1. Of all DSSP beta bridges in the range 162-292, what percent run antiparallel (nearest 5)?
2. So how do 221, 264, 168 line up by other beta-carbon neighbours within 10 Å, fewest first?
3. Given 10 °C and 1.306 mPa s, how large is the Stokes-Einstein diffusion coefficient of the range 162-292 in µm²/s, with Rh as the Kirkwood radius over Cα pairs?
4. In whole angstrom, note down how far apart the Cα centers of the range 14-75 and the range 268-294 are.
5. What's the extension gain from residue 271 to residue 195 if we count 0.36 nm per residue and subtract their Cα-Cα distance?
């Protein structure tokens, strides 16, 4: 390459997929009513039912949670069990088909889809464990929910966010010495970058934090956590463990949630303070982490 050509060389895009935040989080469980009660205590409201599957859509503000109790709709055919698990994360992208091809070209594993009548084909790749990562480009005037879901009558389809709650990030448990592998996975496929070790959020600052390539209110984070040294089950299970919710005022949010019956972990190691808080685990492992975040909501 000549000096002139080198001067005009164009670097790869820092946001190759046009990533624009999280569209929805999907839980799988055989006890959807019990999980629904947990979500409603957190301020979410059921607003729609899937047209052909045992699936409910919960929402508050810009956040969508899908509760899936439909056997055939789960990753790799795993039947739903009582303990809810995070089965999928959907990412908003500029072009879902292009994002899917981009992932496959860089080594991602395709997830076969089984689209029924009156359903959209939402492309997906395999994520951690048995989870899926979906790509969604219909999230503005006409969304995926307008096709796949039927609104629940008389219910507000856009319930406001409690004390400004919004998606902040996802905590992922990984295997021993797997931090670099997963860092490369998210960097290569999505353009995530690791934060400096001194830059931390909330009250559970372990592991490595990755930042999505999008700036502004749609930016979100992934926290990769390896097993604690000395544990008997040193290999551990790789999975999406919990969801982080941002709030401009942690203490005000904790007070509002406590009034709704939500309990919080209060121990010498983890306790509520202005930086963050952790809800008590329910249904065998469902918890939410609150993180102080002053970024404006979209």
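1. Beta bridges within the range 162-292, antiparallel portion: roughly 65 percent.
2. Ascending Cβ contact count within 10 Å gives the list 264, 221, 168.
3. Answer from the Stokes-Einstein relation: 102 µm²/s.
4. Cα centres, the range 14-75 to the range 268-294: 20 Å.
5. Extending this stretch completely gives an extra 25.0 nm.
Read the figures in this text as sums done on the coordinates, not as results from a lab. Just so we're clear, the structure is a prediction, and the values are computed from it rather than from any experiment. Note that each Cβ is placed from the backbone with ideal geometry, even for glycine, and that neighbours are counted across all protein chains shown.
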